[in-house]
Every structure is written in structure tokens, then in C-alpha cells.
Ligand SMILES: CC(C)(COP(=O)(O)OP(=O)(O)OC[C@H]1O[C@@H](n2cnc3c(N)ncnc32)[C@H](O)[C@@H]1OP(=O)(O)O)[C@@H](O)C(=O)NCCC(=O)NCCS
């Protein structure tokens, strides 16, 4: 997985252990960067611990900078349909946002899924999250649904999907 470095020298996305992104998960939690669902009954990092902390088939990815410092993460979950993968919590450290790193990270995930023979990627975020929606839309994800009042602040949950045949390649 080296596409990130082509456009952002020194940045690399790689598969990793959940423990490698704990510091960033805590940053996300501390800065309330990820908006919980009403149905979540614990702080964000506890939810992520439960879901991604070592379960078979779940994969964590870390984005590192030129000094090998973790600056972002994303996660994937297998779906019941074996050729579908969901993208889970996705995060770029605050000072590095808006430079195209989130988009590069998702483009690398698309390539990762394509190499594994996947047909479809799914993702959910909250309705007012322009940055996340812009990121997934920019790489070809299509809006599929909005479920109102599902987040702790009353925000909605929006879902997107990408048929891998329609993905933006390169860029
Ligand atoms: C969502 C997030 C991962 C995106 O990463 P990023 O590096 O900031 O995004 P990029 O710079 O790659 O931008 C990707 C696209 O989204 C758009 N975008 C980024 N930030 C935006 C904003 N605040 N408002 C509107 N559009 C925005 C960009 O214009 C770009 O589209 P373009 O290439 O067509 O111009 C990052 O902002 C983040 O960590 N946010 C907090 C956590 C979060 O909300 N995670 C997602 C929910 S799981």
C-alpha cells in the first residue's frame, strides 16, 4: 500500500494492529471528532475497542508521516456478503486535515479491497459531516440512505456505497 506516498511524500498507509492506533483513537475521543450513535452505550473508544480490538476479519490501517508517526487511521469490517466490506471509523489528525490525506487513505482502501476481489464498499457517517461526505463523494461513493435522529445530538446517519467497478482510479 504505497499510493499515499506518490502524492504526499513520506506518508504511508499500512495494515496494523489495533494497538498501533490507540493514541489516535484517544485523540478522536478527546476532541469529540467522531459523533456517537444514540444506541452506543459507552464512550467512542470503548465502542471501537469492542468492535475492532482483535476480532477476526476486522482490519485496522494506520497512516504514518515521514517520521513514522501515526497521523490517521481507518478500519474495515467484513459483511455477511463475502464480497462486501464496510469502512469503519476514519480519522486524520486535526492539524493535517484538508490536505487530501483522507481522500488518499480511502483511495488506498479501495485498491486494497479491489486486490482482494471485493465488489462493493459501504460506509456510514453523520449527515452534517461535510468533510467525511466530501471525502467519500470525491472518490466515487454514491449516497444510498439517510436515517434521521440517530446520533447523540439529533443528527442523522447517512450511508454511501461504492461498486468497485465505478471507483476513481489513481488521481
Ligand atoms: C473526514 C476526514 C477523515 C477527511 O480527511 P481530510 O484529510 O480532512 O480530507 P481531504 O483533505 O482528503 O478532503 C477530501 C475531500 O473532502 C472535501 N472536504 C474536506 N474537508 C471538508 C470540509 N470541512 N467541508 C467540505 N468539504 C470538505 C475536500 O474538498 C475533498 O474533496 P475534493 O478532492 O473534491 O476537493 C477528516 O476530516 C477527519 O478526520 N475528520 C474528523 C473525523 C471524522 O469526521 N471522520 C469521519 C467519520 S467516520
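The values are calculated or read from the model by the stated rules, or taken from the named source; none is laboratory data. What you see is a predicted model, and the numbers here were worked out from it, not measured in a lab. Cβ atoms come from the backbone with ideal geometry, glycine included; neighbour counts cover every protein chain shown.
Look at residue 63 and say whether it is assigned to a strand (DSSP E or B) and over 28 Å from residue 152 (Cα atoms). Step through it out loud before you land on a result.
Values: assigned to a strand (DSSP E or B): yes; over 28 Å from residue 152 (Cα atoms): yes.
Yes: the conditions hold for residue 63.
Look through the range 1-13, keep the residues that are surrounded by 14 or more Cβ atoms within 10 Å (Cβ to Cβ) and modelled with pLDDT of 85 or more, and return whichever of them is farthest from residue 61 (Cα to Cα).
11
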Checklist outcome for this item: Within the range 122-147, of all residues that are surrounded by 17 or more Cβ atoms within 10 Å (Cβ to Cβ) and more than 19 Å from residue 34 (Cβ to Cβ), the one nearest to the ligand (Cβ to nearest atom) is 139
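Going by the conditions given, is residue 113 within 26 Å of residue 151 (Cβ to Cβ) and under 16 Å from the mean Cα position of the chain (by Cα)? Steps first, answer last, please.
Values: within 26 Å of residue 151 (Cβ to Cβ): no; under 16 Å from the mean Cα position of the chain (by Cα): yes.
In short, no.
Looking at residue 63, is it touching a residue at least 12 places away in the same chain (Cβ under 8 Å) and either within 28 Å of residue 149 (Cα to Cα) or away from the ligand (no atom under 13 Å from the Cβ) (or both)? Talk me through it step by step, then tell me what you get.
On the way: touching a residue at least 12 places away in the same chain (Cβ under 8 Å): yes; either within 28 Å of residue 149 (Cα to Cα) or away from the ligand (no atom under 13 Å from the Cβ) (or both): no.
No.
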Checklist entry - Has the range 92-110 got at least one residue that is within 12 Å of residue 121 (Cβ to Cβ), over 14 Å from the mean Cα position of the chain (by Cα), at pLDDT 95 or above and more than 11 Å from the ligand (Cβ to nearest atom)? => result no
Checklist entry - Mind checking which pairs have a first residue in the range 121-136 that is on the phi > 0 side of the Ramachandran plot and a second that is crowded, with 24+ Cβ neighbours inside 10 Å and assigned to a helix (DSSP H, G or I), Cβ under 7 Å, 6 or more apart or different chains? => result none
